[in-house]
Amino acid sequence: MESIYYPSSDGKTTIHALIWRPQGEVLGVLQIIHGMAEYAERYAPFANELTKRGFAVVAEDHLGHGQSVISPDYLGYFTEENAWQTVLEDVRALTVKAKELFPNKPYFLMGHSMGSFFCRKYITLYGEELSGAIIMGTGQMPSLILNAALFLTKSQAKKYGWRYRSKFIDNLAFGSYNKKIKNKRTPFDWLSVNPENVDKYLADDLCGVTFTLSGFAGLFGIIKQACAKQAAQAVPKNLPVYFVAGSEDPVGDYSKGVIKAYQSFVEAGVNDVELMLYNNSRHEILNDYCAPQVVSDILEFVGKRV
């Protein structure tokens, strides 16, 4: 694992990214778009499994995440304007760099959680360049709800500023995620059936940070982009797409939202789209008990398309 750095499109921040290289020939490249309030290095165990099979893996810490922050105060902060666009441009910049490092190799994109919505938008713009996309831990939300969330976020930003961390907006976004879990231990039990994963997440200072209003504006904005009807229609019809999620993931409305997202791709005429739901698993399927099967299934998906 090695670190690289490049300038963010915000014009002031340096983006930190990681590269995992296989020991032998590079058969393909997988780029990871991580989720909200986490960072790229959390995917090291998954990346190491892929390198054993000949894949190079790359991932950046988004603005406001991991090592891509000016100071800890900027955790959970994107930009005051064009928040989701700025993050997407930084994701794109890593693609360009990785293609220079590993030219003429099959190239795959995987997005988890918030990253799944960035992935869904990305493939509407650059899907023709990809050999496949893995959409992990996603959902489907109506524009009416997203517009209301954006309105409330912007209203609070006018009053408190974009770096304000609003408990009201945070509760609006995630307050219901633990409601179906019996014998709750922590506010983040919805992440994983595996309590060790939840505890590790809670003990990590770079995880679980309450987003700023800027971060929430970017989050709601990219979800709105990804869930729009025209988004699925803009996906290249021949792009292989693989939806994966835990059946008990509240982000995907306990499977219903994931199925709706999958069906939107099918109805849009994407002719190579698959769906896999892992029973009795929650949001972070790469860290839950189902992780070995998830890794095996993803390797099978990309392996068939190399």
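Give a residue-ordered list of calculated ³J(HN,Hα) values for segment 288-297 (Karplus: 6.51 cos²θ - 1.76 cosθ + 1.60, θ = phi - 60°; whole Hz; x for Gly, Pro).
My calculation for segment 288-297 gives 8, 5, 7, 3, x, 6, 4, 4, 4, 5 Hz in order.
If you plug each phi of segment 32-45 into the Karplus form 6.51 cos²θ - 1.76 cosθ + 1.60 with θ = phi - 60°, what whole-Hz ³J(HN,Hα) values come out, in order, with x for Gly and Pro?
9, 10, 6, x, 6, 6, 9, 6, 4, 5, 5, 8, 4, x
Is segment 63-157 rounded, prolate or oblate when judged by the Cα gyration tensor, a ≥ b ≥ c being the square roots of its eigenvalues, rounded requiring a/c under 1.5 and prolate requiring a/b larger than b/c?
Oblate is the answer for segment 63-157, as a/c is 1.5 or above yet b/c matches or exceeds a/b.
I need 16, 65 ordered by Cβ neighbour count within 10 Å, fewest first.
16, 65
Amide H of residue 30: which non-local residues (sequence gap of 5 or more, or other chain) have their own amide H closer than 5 Å, using H built in the peptide plane?
Counting only residues 5 or more places away or on other chains, the set is 56, 57, 58, 108.
Counting alpha carbon pairs within less than 8 Å and at least 6 residues apart, what relative contact order, in whole percent, applies to the chain?
Across the chain, relative contact order equals 20 percent.
Which of the lysines could be linked to residue 182 by a straight reach, that is with a Cα gap under 22 Å, when you skip same-chain ones fewer than 8 residues away?
Partners within reach: 200, 256.
Determine by what factor the alpha-carbon radius of gyration of segment 6-90 differs from 2.2 N^0.38 Å, reporting the quotient.
This ratio for segment 6-90 stands at 1.17.
At 222 nm, what value in deg cm²/dmol follows for the chain if DSSP H runs of at least 4 each add -39500 (n - 2.57) and the sum is divided by all its residues, to the nearest 500?
Taking each H run of at least 4 residues, the total per residue is -12500 deg cm²/dmol.
Against the globular-protein guess of 2.2 N^0.38 Å, express the Cα radius of gyration of segment 234-306 as a ratio, rounded to two decimals.
So segment 234-306 has a normalised radius of gyration of 1.13.
Roughly how big is segment 2-303's charge dipole about its Cα centre, with Cβ charges of +1 (Lys, Arg) and -1 (Asp, Glu), in debye to the nearest 20?
880
For segment 182-285, restrict the atom set to alpha-carbon positions and state the Rg and Dmax in Å.
According to the Cα coordinates of segment 182-285, Rg and Dmax are 16.1, 45 Å.
Convert each backbone phi in segment 178-185 into a coupling constant with the Karplus relation 6.51 cos²θ - 1.76 cosθ + 1.60 (shift: θ = phi - 60°), then list the ³J(HN,Hα) values in order as whole Hz, x for Gly and Pro.
9, 5, 8, 8, 7, 6, 4, 9
We did not get these values from a lab; they are worked out from the coordinates using the rules stated. Because the structure is predicted, anything quoted here is derived from the model rather than measured. Backbone-built Cβ (ideal geometry, glycine too); neighbour counts: all protein chains shown.
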